[in-house]
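I have placed the structure first, in the form of structure tokens, so that the comments after it can refer back to it.
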Amino acid sequence: MRSSSRGDVDPFIVMDVMESARKLEEAGRRIIHMEVGQPGTPAPKLARTALSQAMDEDALGYTVALGLPELRAGIAALYKDWYDVDLDPNRVVVTAGSSAAFVLAFTALFDTGEAVGVTEPGYPSYRQILKSLDLHPVGFATHAKDRHVPQLPSADLAGMIVASPANPTGTMLSREDLAGLIGACQMNDVSFISDEIYHGVQYDGRAVSALEISDDVYVINSFSKYFSMTGWRLGWMVVPQDHVRMIERLAQNMFICAPHAAQIAALGALQARDETEAMLEVYAANRRLMLDGLPKAGFDRIAPPDGAFYIYADVSELTSDSLAFCREVLDEAGVAITPGLDFDPIRGHQTVRFSYARATADIAEGLDRLTTFMTRRKG
């Protein structure tokens, strides 16, 4: 059967690493997971309780495409709490994970063949979703010496997507940095998309939302990270008021709605801030362990992340093939880490990403294994 060229996208390498780790676990190995940005904790207890009660009382089915009104109101209240932004709940669109939000945003904003700026390193699925929609991702390099703060590229762009805190670097943009990017985009008629999926996971100060600066932006977020709900596949986006109906029409036809069960759970999660803040304390402890332990293990070309739960390391003195190096670490040390090629197709062969989202005991064991592995490798 013939196939479309839209399917010619690169693999999401971290998912391949996860599968390799799963096969080793299936064969009896204990693997320490430092590859994927997935909290080791379940959804908050209030989220699970809310769903359990709803399942006993209601037949969960379709919701309206934009999401449960009470959930949209709860998300809008979060913006008041976190950023002192008065957000109309009607501008909130609940999606099947942030991935669906990216598809909706790219479809709504860009026409076939248009160019969209993406950071390198950056979240790999931006590039692949854009390619699958017959759009042209334009990578622009960020640099450790500049803390990976992006600058507007000189290319002729229809749009630009920026994450803060960023994956894989953990860089968090200041209000000045973010305002400069948004202002430059608006001056050049470039649509600006702010990926804020790691908001709430920060270690010094708070993340700045693009909505504090402008309403003429798309903002994308998710319950996956701060609320520890990766497998529930629930995200949201905030769009300008005059884009709501267009997004609604697209969502109706592409997805019908986000899962009702996940939306019910999210209502509970929004009330579980004591529990989610306790999770943040675990990430902060893990971050301290990583910043102390990675250099001792031999990974000393790193920068402290401002947010998220990743450390991006330059391993150019150790390898010129990050894919092969990560396979070696997994096979010999039993630690799963992600090749930088997932995030940067140009320079990623000399970088790797470590995730410290799991339990602190796992992080400590992983560091011990990495130290032993590197000692053996050098000797």
Can you give me the number of residues within region 201-225 that are in a loop (DSSP other than H, G, I, E, B), open to solvent by less than 10 Å² (accessible area, probe 1.4 Å) and in contact with an Asp or Glu (Cβ under 9 Å, 6 or more places away or on another chain)? 2
Looking at (1) part of a loop (DSSP other than H, G, I, E, B); (2) of a type outside the set (Val, Ile, Thr); (3) loosely packed, with under 14 Cβ neighbours inside 10 Å; (4) touching a residue at least 24 places away in the same chain (Cβ under 8 Å), which one does Gly37 not meet, given that it meets all the others? (3)
Filter region 95-135 for residues that are among the hydrophobic types (A, V, I, L, M, F, W, C) and assigned to a loop (DSSP other than H, G, I, E, B) and give the result. Ala96, Phe110, Leu133, Leu135
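Every residue, every condition in (1) in contact with a Gly (Cβ under 6 Å, 6 or more places away or on another chain); (2) under 23 Å from Asp362 (Cα atoms); (3) in a helix (DSSP H, G or I), yes or no:
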position	(1), (2), (3)
Gly231	no, yes, yes
Met246	no, no, yes
Cys257	no, no, no
Met279	no, yes, yes
Leu294	no, yes, yes
Val329	no, yes, yes
Taking region 188-227 only, how many residues are under 23 Å from Tyr283 (Cβ atoms), in contact with a helix residue (DSSP H, G or I) (Cβ under 8 Å, 6 or more places away or on another chain) and either of a type in the set (Lys, Arg) or in contact (Cβ under 8 Å) with a residue 40 or more places away in the chain (or both)? 16
Among (1) charged (D, E, K, R); (2) under 19 Å from Gln252 (Cβ atoms); (3) open to solvent by 40 Å² or more (accessible area, probe 1.4 Å), Arg72 falls short only on (3)
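Quick check on my filter: what residues within region 246-287 are among the small types (Gly, Ala, Ser), closer than 19 Å to His199 by Cα and either touching a residue at least 60 places away in the same chain (Cβ under 8 Å) or open to solvent by less than 20 Å² (accessible area, probe 1.4 Å) (or both)? Even if it seems obvious, please write down each step before you answer.
We begin by selecting, within region 246-287, every residue among the small types (Gly, Ala, Ser); these are 251, 258, 261-262, 265-266, 268-269, 272, 278, 284-285.
Those still in the list that are closer than 19 Å to His199 by Cα too: 266, 268-269, 272, 278, 284-285.
Answer for region 246-287, where residues must be among the small types (Gly, Ala, Ser), closer than 19 Å to His199 by Cα and either touching a residue at least 60 places away in the same chain (Cβ under 8 Å) or open to solvent by less than 20 Å² (accessible area, probe 1.4 Å) (or both): Ala266, Gly268, Ala269, Ala272, Ala284, Ala285.
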Restricted to region 288-340 and to residues being at pLDDT 95 or above and β-branched (Val, Ile, Thr), the residue surrounded by the fewest Cβ atoms within 10 Å (Cβ to Cβ) is Thr319
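The values are calculated or read from the model by the stated rules, or taken from the named source; none is laboratory data. Predicted, not measured: the structure shown is a model, and the values here were computed from it. Every residue, glycine among them, receives a Cβ derived from its backbone with ideal geometry; neighbour counts consider all protein chains shown. Accessible surface is based on the protein model in full, side chains and every heavy atom, while ligands, DNA and RNA are left aside. Shrake-Rupley method; radii C 1.70, N 1.55, O 1.52, S 1.80 Å.
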